[in-house]
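Report on the structure given below.
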Amino acid sequence: MQIESYEVERLLDPTGIVEGDRYEFLIGLAYDEEDELFEETDSIDVRVIFADDSKGKRIAQAHFIDRTTGKVLDFEIEEDEYTTLLAFCQEHYTEAE
């Protein structure tokens with residue numbers, strides 16, 4: 001998994017129900033042609049909801065998306081991918097507007 005592009009936005013909670021802060025990342029990925037994700041689509045994004053709250057800085061939710069259709073892909077994020085995404089989000093969440 002190689003990160004090609006990203007966007008990050010701070011999510012606002014006007015109700016005040018959600019503890020801490022949430023950030024939405026839309027991360028563009030490049031995969032090897034032999035990867036099963038590439039067999040599904042050649043344009044993959046991952047949508048990550050990154051939380052900074054009393055539980056720490058963590059990924060609250062993440063899923064793969066076909067960039068051209070917006071369809072959520074039925075693939076689990078593997079442990080090494082999770083680690084890469086978590087490190088990336090921790091490095092870049094402060095860039096949110």
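The values are calculated or read from the model by the stated rules, or taken from the named source; none is laboratory data. It should be emphasised that the depicted structure is a prediction, and the values quoted were computed from it without experimental measurement. Quick reminder, even Gly has a Cβ in these numbers, built from the backbone with ideal geometry, and neighbours come from all protein chains shown. Only protein heavy atoms, including side chains, enter the accessible area calculation; ligands, DNA and RNA are left aside. Shrake-Rupley method; radii C 1.70, N 1.55, O 1.52, S 1.80 Å.
Quick look at the values:
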| item | result |
| --- | --- |
| Top-ranked residue of region 27-38 - restricted to ones that are aliphatic (A, V, I, L, M) and closer than 15 Å to residue 5 by Cα, ranked as modelled with the highest pLDDT | 27 |
| Restricting region 67-85 to residues that are β-branched (Val, Ile, Thr) and under 16 Å from residue 5 (Cβ atoms), the residue that is least open to solvent (accessible area, probe 1.4 Å) | 84 |
| Leading residue by the ranking (modelled with the highest pLDDT) among those in region 39-66 that are outside any strand (DSSP E or B) and open to solvent by less than 60 Å² (accessible area, probe 1.4 Å) | 43 |
| Inter-residue pairs, beta-carbon under 9 Å, first part of a loop (DSSP other than H, G, I, E, B) and in region 76-97, second among the small types (Gly, Ala, Ser), 6+ apart | 77/62 |
| Every residue from region 5-31 that is exposed (fewer than 12 other Cβ atoms within 10 Å of the Cβ) and part of a strand (DSSP E or B) | 5 |
